[in-house]
Amino acid sequence: MRFKRRTLMQIADLICGNFPAETSYFRYRSSSFLTEFFADADTDYEHDGSTRQWWVADTLEKILAEPHTGAGTVPASFARVIQVLMDPADAFNDDKDRSGALQMLNAALARDGFEAYYASDRRCYLRHIATNTTTAFDLNPHRPFSAAEVERRAQLAAYLDTASEDDLIEEILLPLYRQLGFHRVTAAGHKDKALEYGKDVWMKFTLPTQHVLYFGLQAKKGKLDAAGATRTSNANIAEIYNQVLMMLGHEIFDPEFGKRVLVDHAFIVAGGEITKQARAWLGNKLDATQRRSVIFMDRNDILDLFVVTNLPLPAAALPTAVAPSTWPDEPPF
């Protein structure tokens with residue numbers, strides 16, 4: 001990810017605080033405070049005594065050149081720099097909610113297709129405007145969650161208890177896979193049951209080598225089990241078996257390349273639990289080649305990934321009564 005030099009110089013001005021003290025929304029930082037600033041952002045850059053604005057712009061350029069994954073994102077180090085810059089504790093003059101500071105920052109970021117916003121945890125995040133992708137700091141779904149993340153996870157779990165299969169696909173899975181770096185994420189006519197061929201969604205993922213892998217996805221609202229008698233809210237794995245065979249055997253048309261391709265991997269996604277018996281039964285029924293192509297994803301995987309990617313909750317999952325807030329662009333959760 002590369003930003004225009006003009007954008008970097010404007011952000012550098014904000015970090016340095018090169019504005020009249022009586023009207024500034026950003027604190028002034030001398031050489032030693034610039035070193036402290038970048039240390040707070042978990043980087044090792046130290047000011048070398050050169051012109052502050054130019055040095056900061058050069059440093060930001062180096063940070064943006066760091067390796068990172070996902071289209072429409074920036075390196076986590078750059079996102080941390082923005083978060084330190086927009087710390088609510090650094091509010092200056094009459095800008096207590098930092099709306100003035102946010103407006104100045106977004107005026108610079110918009111040139112390169114990004115915007116900053118405050119989330120419910122009072123921290124500032126970066127979002128790519130075209131793809132609505134938020135840069136996540138730690139995508140490890142097995143890390144300890146903060147109190148705010150635990151609350152969001154509980155709200156999403158309650159939403160999944162009442163969501164329909166179409167809601168699961170449209171409100172949860174499509175935004176999630178786009179955030180994770182998949183592209184051409186396309187619902188395959190689930191509502192009208194037209195041209196599904198065993199898959200509710202198809203998508204593709206580009207490897208660092210520029211090779212492309214294709215994925216099909218079959219989603220079920222509730223629990224997947226291997227019981228002989230299926231309850232109302234559950235789905236039997238035998239039904240999934242037929243859909244997996246259709247998914248792996250039917251070609252999809254990729255309009256970007258103008259050709260038909262086979263699915264490389266099949267996602268089996270459930271809004272509830274996928275039992276060990278169901279996984280074992282499906283593994284035994286599929287041959288070795290097909291078995292390697294199947295990826296399971298159940299409720300816990302969905303909840304953890306949705307939280308760590310910092311995606312906004314669906315509107316129906318939000319509390320019915322939300323206290324008014326002066327924080328700009330804050331999702332009401």
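The values are calculated or read from the model by the stated rules, or taken from the named source; none is laboratory data. Computed from a predicted structure; not experimentally measured. Cβ: placed from backbone, ideal geometry, glycine included. Neighbour counts: every protein chain shown.
Quick notes on this one:
- Count - residues of the range 72-114 that are under 26 Å from G181 (Cβ atoms) and basic (K, R): 2
- Residue in the range 46-60 that is buried (at least 17 other Cβ atoms within 10 Å of the Cβ) and either under 24 Å from A130 (Cα atoms) or under 21 Å from the mean Cα position of the chain (by Cα) (or both) present: yes
- Qualifying position, being modelled with pLDDT of 85 or more and surrounded by fewer than 18 Cβ atoms within 10 Å (Cβ to Cβ), among A101, A65: A65
- Exclusive hit being touching a residue at least 40 places away in the same chain (Cβ under 8 Å), assigned by TED's automatic domain parsing to the domain that holds T206 and either more than 23 Å from P208 (Cβ to Cβ) or in contact with a Gly (Cβ under 6 Å, 6 or more places away or on another chain) (or both), set R80, R122, R152: R152
Yes/no matrix, rows are residues, columns are (1) within 23 Å of A130 (Cβ to Cβ); (2) among the charged types (D, E, K, R); (3) in contact with a helix residue (DSSP H, G or I) (Cβ under 7 Å, 6 or more places away or on another chain):
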| residue | (1), (2), (3) |
| --- | --- |
| I63 | yes, no, yes |
| P67 | yes, no, no |
| G72 | yes, no, no |
| P75 | yes, no, yes |
| M86 | yes, no, yes |
| A91 | no, no, no |
| K96 | no, yes, no |
| G100 | no, no, no |
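- Residues satisfying the stated conditions in the range 211-227, i.e. of a type outside the set (K, R) and not in a loop (DSSP other than H, G, I, E, B): V212, L213, Y214, F215, G216, L217, Q218, A219, L224, D225
- Exactly one residue out of P88, P67 is within 30 Å of F205 (Cα to Cα), of a type outside the set (A, V, I, L, M) and not assigned by TED's automatic domain parsing to the domain that holds Y177: that is P67.
- Unique residue being surrounded by 18 or more Cβ atoms within 10 Å (Cβ to Cβ) and either assigned to a helix (DSSP H, G or I) or at positive phi (or both) when the list is A136, A108, A89: A108
- Against the test of being at pLDDT below 85 and of a type in the set (G, A, S), the options A270, A280, A219, A226 yield a single qualifying residue, A226.
- Count of residues meeting criterion [β-branched (V, I, T) and not in a helix (DSSP H, G or I)] in the range 165-187: 2
Condition check ((1) part of a helix (DSSP H, G or I); (2) over 19 Å from the mean Cα position of the chain (by Cα)) across all residues:
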site	(1), (2)
R80	yes, no
V84	yes, yes
K96	no, yes
A101	yes, yes
R127	no, no
A154	yes, no
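- Lone qualifier among G49, G17 - being free of Cβ contacts under 8 Å to residues at least 60 places away in the same chain and farther than 29 Å from S120 by Cβ: G49
- Qualifying residues in the range 252-274 (those that are in a loop (DSSP other than H, G, I, E, B) and not charged (D, E, K, R)) - the one farthest from T186 (Cα to Cα): G272
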